Each structure stands twice: as C-alpha cells, then as structure tokens.
Amino acid sequence: QVQLVESGGGLVQAGGSLRLSCAASGRFFSINAMVWYRQAPGKQRELVATITSGGNINYADSVKGRFTISRDNAKNTVYLEMNSLKPEDTHVYYCKAVGRLYSWSLEYDYWGQGTLVTVSS
C-alpha cells in the first residue's frame, strides 16, 4: 500500500505564501504522477497541479504563475509552493499519487487525508 501524509496547511493573509508537502511511504514498486487537488465545501474536487516522475508539469489556469509544484523522487515527496494567495484559494488540499505496488501490477490512485488552507482577506 501507499500512504500519503500531507502537511503545511494553515491560515494566511491574502498575498501571503504557504508550502504544502506530501510524503509517500509504504511498500510499492514505483510512483508515477503526483497530483495536488483542492476542494471547497459543497463543490467538486478540482485539479491544481500535476508532476510526473519524469518532471512533466501542468497547472490549472487559476494558479498558473502563483503556484509551483516540485518533487523529490528520492524522498517520494511532492511540494506545492503557493504564493500571492487569494481568499478564493481557501480549500482543503489533497495529494494523490499514481503508483504500482509491483512491477507487474496496474497503476492505482492513492490519496492523502487533506490539509486545510485558509486565506483571509
């Protein structure tokens, strides 16, 4: 199994910055993509940023130029650097890893428990 533990959420004023981390642990063969999502109460979960094991990166339009995703493959950890935060960035942020438990197995999605980011105006 793959366990994901997120950290770094909290309360910040508009214009401020936060850095989220998500560390993967457990017994697995490989992790391909690592993805940040976010979800506000009563709304659908939305994709924020994706980074593959090869370093390909994509961002949602709403965060381009403000958020930066990166990963440390040796530590199986993905980061989300969030700058110029806005009140509308207030969400629970979730980490997802797409990985294989064995070399011959299919890829599955594994989710973290979420971390709350609150941006005050």
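Quick look at the numbers
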{"item": "Those residues of region 72-83 which are free of Cβ contacts under 8 Å to residues at least 60 places away in the same chain and crowded, with 20+ Cβ neighbours inside 10 Å, in sequence order", "result": "ASN76, VAL78"}
{"item": "Single residue of region 89-112 satisfying the filter (at pLDDT 95 or above and not in a strand (DSSP E or B)) that is most open to solvent (accessible area, probe 1.4 Å)", "result": "THR90"}
{"item": "Pairs where the first residue, in region 16-40, is under 10 Å from VAL78 (Cα atoms) and free of Cβ contacts under 8 Å to residues at least 60 places away in the same chain and the second is open to solvent by 50 Å² or more (accessible area, probe 1.4 Å) and not in a strand (DSSP E or B), C-beta under 7 Å, 6+ apart", "result": "ALA23/LYS75"}
{"item": "Index of the failed condition, ASN73 passing every other in (1) over 14 Å from the mean Cα position of the chain (by Cα); (2) polar (S, T, N, Q); (3) under 16 Å from THR118 (Cα atoms)", "result": "(3)"}
{"item": "Any hit, region 56-63, residues being closer than 15 Å to GLY9 by Cβ and charged (D, E, K, R)", "result": "no"}
{"item": "Yes/no for THR50 being surrounded by 18 or more Cβ atoms within 10 Å (Cβ to Cβ), out of contact with any Asp or Glu (no Cβ under 9 Å at 6 or more places or on another chain) and closer than 16 Å to GLU6 by Cα", "result": "yes"}
{"item": "Test: residue in region 21-35 that is crowded, with 17+ Cβ neighbours inside 10 Å, under 17 Å from LEU116 (Cα atoms) and out of contact with any Ser or Thr (no Cβ under 7 Å at 6 or more places or on another chain)", "result": "no"}
{"item": "Residue among VAL12, VAL78, VAL63 that alone is modelled with pLDDT of 95 or more, in a strand (DSSP E or B) and over 12 Å from the mean Cα position of the chain (by Cα)", "result": "VAL12"}
{"item": "Positions within region 58-69 being open to solvent by 50 Å² or more (accessible area, probe 1.4 Å) and out of contact with any Ser or Thr (no Cβ under 7 Å at 6 or more places or on another chain), in sequence order", "result": "TYR59, ASP61, SER62, LYS64, GLY65, THR68"}
{"item": "Residue in region 36-47 that is nearest to VAL63 (Cα to Cα), counting only those that are open to solvent by 30 Å² or more (accessible area, probe 1.4 Å) and more than 10 Å from the chain's Cα centre (by Cα)", "result": "GLU46"}
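The values are calculated or read from the model by the stated rules, or taken from the named source; none is laboratory data. Note that the coordinates shown come from a computational prediction; the quantities given were computed from them, not determined experimentally. All Cβ positions, glycine included, derive from the backbone under ideal geometry; neighbour counts span all protein chains shown. Calculation scope for accessible area: heavy atoms of the full protein, side chains included, ligands and nucleic acids excluded. Shrake-Rupley method; radii C 1.70, N 1.55, O 1.52, S 1.80 Å.
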